Structure formats: structure tokens, C-alpha cells
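Visitor: Let me begin by handing over the structure; questions about it come next.
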Amino acid sequence: MLYLDDCINALKLVKKNSVDLIYLDPPFFTQKIQKLSKDNKSYEFSDIWESREDYLNYIKQRLLLMRDVLKDTGSIFLHCNDSASCYLKIMMDEVFGEDNFRSEIIWTYKRWSNSRKGLLPCHQTIFFYSKTKNFKFNTLYCEYSPTTNIDQIQQQRERIDGKTVYKKDSEGNIIQATEKKGVPLSDVWEIPFLNPKAKERVGYPTQKPIELLDRIIKICTDENDLVLDPFMGSGTTLVSAKLLNRRYIGIDKSAEAYNIAKCRLDKPIKTKSYLMEKGVDAYLTKKDEIYSILKQIDCNIVQRNKGIDAILKKLYKNTPVAIKVQKKTENLNDAIDLLYKASLKKGCIKSVLITEESPNNPPENMIVLNPINIQIEHHLK
């Protein structure tokens, strides 16, 4: 069900105590016009308020109605950022009760640097509350960290005289633990922000990735449960709910948002995140011997580029300096050619090739260096 209306009106049409999960991504009190464009279409909405009190009163009136439609076993997730998060936390305590606060979820992601003075903002906050203590919750599990000693956690432990030891049977054998599913999901979620070229991106301001909503919906609902988003925007919550076989209600007073959400629900698309599927290590393509050389240089290491392994942090005549280390599987001419072509694309006046060989006629703009160990051996000889 979709409603084209202000949620303060549409929520009164929803049956009380009928909703299993509410996720809301309301205006953040940024005091800006939120605007974004894609494929020659422009979408915007106002997040400008007369005062903070005006904004908080607007949110509270709607939260009270959300509490009424939420089941006793239901939960609510309020998405916000640092513009008003501390005030919204107090409001959620008032409406749902301090005892029903469950988690402050930190959604963290990588961002390009900007000109803002201070620390780069790379997270948003999601307050998780239940209506009562008897709330539905499904534990999700993550992979163990590479630093975890899996063989040790597969063994039961007990405390004796204040010290934790492996539990043993009457014959002195260590007792194995029950089946381990992984590490229970924490309250810090690293989920990539939507790539500008992602298929699921529709160009609507503040659009969130489906991956984020998938996690929220899986935590507090089962199939056929009812999910409600009173500020549905482009409809990400509803698309996630549909793909996970949940029923859904979406509300928004913007006709543009309503139409986008309706179109997305007709043909739901979810972009697969390579980072989420493969992990950070999948992006690390440099071998250890190349890392050991590059770590001696003040540079930024480049992944997934055959022609460039790193770029100097310091510019040369306001242009980047590309660096390549010749691989053992490459002949010298191929390494020179790859670096030369890649550095031209990057507009490099100078490039650096690190090799154990001695080229006869390298390009004029290319500096050829031997690794430090080779230089030491040369000078000792």
C-alpha cells in the first residue's frame, strides 16, 4: 500500500497495533534544500525549518502516531545525522521509553574528502527502539575476524578461581563447544554508500542503499510481516521489503517520490556490492614484495591498475607522479610501456619505474630506479 500524503494524515488510516517494523528516514534538520539530478531529471525537497523547536515538534507529532500503529512485538528505527541526533534521542526516550532503547547503530561508509574544516563526516546514526520488552529479534551473524583463533573458540571454557580455562571431561579431554555460527552482528555497520553508477540509484536526494534496509528488516521481521516507512522517499525500504517477501506500507507527500517508489516496486533492482560480497581484501591486488618496496616511499598505493602501482603524495609541477614496480612476470619493455601509457592518461609529467634491470632508452619523462637492496649490493661491490 502506498499513500500520497503527509504521514500525519496517512498514519491515522493504518490499523493500530498492526505494524511489525517502522523505519523512518525523515528530514535531518540540515537547513538546506536537498537536491540531486540524474538522467536530466532533478529531484529536491526542503529541509529548512523556522527553528529547531518547530522541527522537533513536527517529528514528535508523527512519532506518537507511529507508536500507535506499531505492534507490541514491533520495533522502530529512526535514521538521522549529527544535525539533530542528540535531540531526537531524547525525544525517542520520551515517546517509546528509555527502557525500550535497544541500540544506537552507526552506519559508516567511505567518502571522498571535501573542503570542510575538521574531521571528515563518514557515518550516520540509526536509533533502534522497541515498543515493549517483548520484541521480535533475529540474530544475524558475521564472519570471524582473521585475527580470531577459530580452533580455540571451538572449545568450551569455564572459570575456576577467577581464571578462564578450557573445560575438560572426567578423563581430562577438552570438551568441544557447540556449533558456532559466527560473530553476532554489532552496532557498527560498514555498508558502502551508493555508487553514482549503481543500477538501483534513481537520483533522489538522500537515497539509502538497499543493503542497509535489508539488514534492518532481517533483524526484526519474518516473511509476511508488515513494514512501514512514513517518509518513503524513493521507496528503498519498500523495495527491500518486497525482495525479502514482507508486506509494506509507504507514505510520502511528494508526488515525485510516490511515482519513483511505484516504478521501483514494479521492477525492483538491487545492486550487488562487491565490497560486501568479497570484503576489503579483494581490493588488495599488490603482492607482498611490491608492498615492501612501496612502503619505503611517501606515496598512495593504487589497486587494480596494471600500469600504476602508486602515486607520489607530493606533486611535480602540479601534476601527479606515477610509480610502477616491475613484476617478476613482466619483461622490462612491457613494464615501461604499461607505465608510459598509464601516466599519459593521468597527465603525469614525470613517472618512476622501479626495476632490477637497466633499460637502454627509457622515455625522457621516466625515472628508472633500482630497489634499495639492489643499490646496496651495487655499492658494496
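Visitor: Among the residues of the range 326-344, what is the count of those that are without any contact (Cβ under 8 Å) to a residue 12 or more places away in the chain and under 34 Å from the mean Cα position of the chain (by Cα)?
Guide: 1
Visitor: In the range 86-126, how many residues are open to solvent by less than 80 Å² (accessible area, probe 1.4 Å), over 26 Å from Lys181 (Cα atoms), in contact with a strand residue (DSSP E or B) (Cβ under 7 Å, 6 or more places away or on another chain) and not in a loop (DSSP other than H, G, I, E, B)?
Guide: The number of residues fulfilling the criteria is 9.
Visitor: What number of residues within the range 1-25 satisfy the criterion of being surrounded by fewer than 21 Cβ atoms within 10 Å (Cβ to Cβ) and outside any helix (DSSP H, G or I)?
Guide: Going through the range 1-25 one residue at a time, the tally reaches 10.
Visitor: If you don't mind, there's one more thing I want to ask. Filter the range 26-40 for residues that are at pLDDT 85 or above and among the hydrophobic types (A, V, I, L, M, F, W, C); which is surrounded by the fewest Cβ atoms within 10 Å (Cβ to Cβ)?
Guide: Ile33
Visitor: With respect to Tyr43, determine if the residue is modelled with pLDDT under 95, among the aromatic types (Phe, Trp, Tyr) and open to solvent by less than 80 Å² (accessible area, probe 1.4 Å).
Guide: Numbers: modelled with pLDDT under 95: yes; among the aromatic types (Phe, Trp, Tyr): yes; open to solvent by less than 80 Å² (accessible area, probe 1.4 Å): yes.
It is true that Tyr43 is modelled with pLDDT under 95, among the aromatic types (Phe, Trp, Tyr) and open to solvent by less than 80 Å² (accessible area, probe 1.4 Å).
Visitor: Say we look at the range 127-147 and pick out the residues that are open to solvent by 60 Å² or more (accessible area, probe 1.4 Å) and β-branched (Val, Ile, Thr); which of these is modelled with the lowest pLDDT?
Guide: Only one residue fits best here, namely Thr147.
Visitor: I would also like to ask the following. In the range 304-318, which residues are touching a residue at least 12 places away in the same chain (Cβ under 8 Å) and either on the phi > 0 side of the Ramachandran plot or surrounded by 12 or more Cβ atoms within 10 Å (Cβ to Cβ) (or both)? Outline the logic, then answer.
Guide: Within the range 304-318, the subset touching a residue at least 12 places away in the same chain (Cβ under 8 Å) is 304-314, 316-317.
Across the range 304-318, the qualifying residues are Arg304, Asn305, Lys306, Gly307, Ile308, Asp309, Ala310, Ile311, Leu312, Tyr316, Lys317.
Visitor: So which residues in the range 354-372 are out of contact with any strand residue (DSSP E or B) (no Cβ under 7 Å at 6 or more places or on another chain), at pLDDT below 90 and open to solvent by less than 70 Å² (accessible area, probe 1.4 Å)?
Guide: Asn370
Visitor: Which count do you get for residues in the range 99-112 that are more than 16 Å from the chain's Cα centre (by Cα) and modelled with pLDDT under 95?
Guide: 0
Visitor: Now for a different question. So for the range 50-62 (the condition being more than 24 Å from Leu21 (Cβ to Cβ), open to solvent by less than 60 Å² (accessible area, probe 1.4 Å) and either free of Cβ contacts under 8 Å to residues at least 40 places away in the same chain or part of a strand (DSSP E or B) (or both)), does at least one residue qualify?
Guide: Taking the range 50-62 first, the residues more than 24 Å from Leu21 (Cβ to Cβ) are 50-55, 57.
Those still in the list that are open to solvent by less than 60 Å² (accessible area, probe 1.4 Å) too: 51, 55.
Add one more test, that the residue is either free of Cβ contacts under 8 Å to residues at least 40 places away in the same chain or part of a strand (DSSP E or B) (or both), and what stays is 51, 55.
Yes, the range 50-62 contains a residue that is more than 24 Å from Leu21 (Cβ to Cβ), open to solvent by less than 60 Å² (accessible area, probe 1.4 Å) and either free of Cβ contacts under 8 Å to residues at least 40 places away in the same chain or part of a strand (DSSP E or B) (or both).
Visitor: For the range 26-43, give me the residue count where each residue is without any contact (Cβ under 8 Å) to a residue 60 or more places away in the chain, in contact with a Phe, Trp or Tyr (Cβ under 8 Å, 6 or more places away or on another chain), not in a loop (DSSP other than H, G, I, E, B) and not aliphatic (A, V, I, L, M).
Guide: Number satisfying all stated conditions: 0.
Visitor: Please identify the pairs in which a residue from the range 65-88 that is without any contact (Cβ under 8 Å) to a residue 40 or more places away in the chain has its Cβ atom under 6 Å from the Cβ atom of a residue that is assigned to a helix (DSSP H, G or I), counting only partners at least 6 apart or on another chain.
Guide: Listed pairs, sorted by first residue: Tyr87/Leu56.
Visitor: I would also like to ask the following. Output the strands (runs of 3 or more DSSP E) that fall wholly within the range 148-248 and possess 1 or more residues being open to solvent by 20 Å² or more (accessible area, probe 1.4 Å) and at pLDDT below 95, or say none.
Guide: Where strands (runs of 3 or more DSSP E) fall fully within the range 148-248 and carry at least 1 residues being open to solvent by 20 Å² or more (accessible area, probe 1.4 Å) and at pLDDT below 95, they are 157-160, 163-166, 188-190.
Visitor: Inside the range 319-349, can you point out the residues that are of a type in the set (D, E, K, R) and either within 19 Å of Pro371 (Cβ to Cβ) or buried (at least 20 other Cβ atoms within 10 Å of the Cβ) (or both)?
Guide: Selection gives Lys324, Lys327, Lys328, Glu330, Asp334.
The values are calculated or read from the model by the stated rules, or taken from the named source; none is laboratory data. Small disclaimer: the values here were computed from a predicted structure and weren't measured. Please note: Cβ atoms are built from the backbone with ideal geometry, for glycine as well, and neighbour counts cover all protein chains shown. What goes into the accessible areas is simple: the full protein's heavy atoms, side chains included, and nothing from ligands, DNA or RNA. Shrake-Rupley method; radii C 1.70, N 1.55, O 1.52, S 1.80 Å.
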